[in-house]
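Okay, so here's the structure we're looking at.
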Amino acid sequence: MPPHHVPAEWADRYKGTFDQGYEAIRAEILARQKELGLLPEDTELSPINPHGGCPYGFCHP
């Protein structure tokens, strides 16, 4: 097994869980935190990259 990789049987448990992408997951987590009362309703997500540009050299709509 190469370094920094989890065993396939461990990773397979999460297959498909994060397929919607980082931006969508951030929005879902924020909504859930608001529903739980952990954050005020008017809380907004911060920009993904506050230093400008797109992460990894590409942007998603």
Looking only at the stretch 28-44, filter to residues that are within 17 Å of the chain's Cα centre (by Cα) and open to solvent by 80 Å² or more (accessible area, probe 1.4 Å); which one of those is farthest from residue 18 (Cα to Cα)? 44
Scanning the stretch 15-48 residue by residue, the ones that are hydroxyl-bearing (Ser, Thr, Tyr) and touching a residue at least 24 places away in the same chain (Cβ under 8 Å) total 1
Just wondering, is there one or more residues in the stretch 34-50 that are modelled with pLDDT of 95 or more and outside any loop (DSSP other than H, G, I, E, B)? yes
Filtering the stretch 51-61 down to residues that are open to solvent by less than 90 Å² (accessible area, probe 1.4 Å) and either on the phi > 0 side of the Ramachandran plot or at pLDDT 90 or above (or both) yields 52, 53, 57
So, in the stretch 1-27, how many residues would count as being open to solvent by 70 Å² or more (accessible area, probe 1.4 Å), part of a helix (DSSP H, G or I) and modelled with pLDDT of 90 or more? 3
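The values are calculated or read from the model by the stated rules, or taken from the named source; none is laboratory data. Quick caveat: nothing in here was measured; it's all calculated off a predicted structure. Glycine also receives a Cβ, built like all others from the backbone with ideal geometry; neighbour counts cover every protein chain displayed. The protein model used for the area step is the full one, side chains on, heavy atoms only, and it has no ligands, DNA or RNA in it. Shrake-Rupley method; radii C 1.70, N 1.55, O 1.52, S 1.80 Å.
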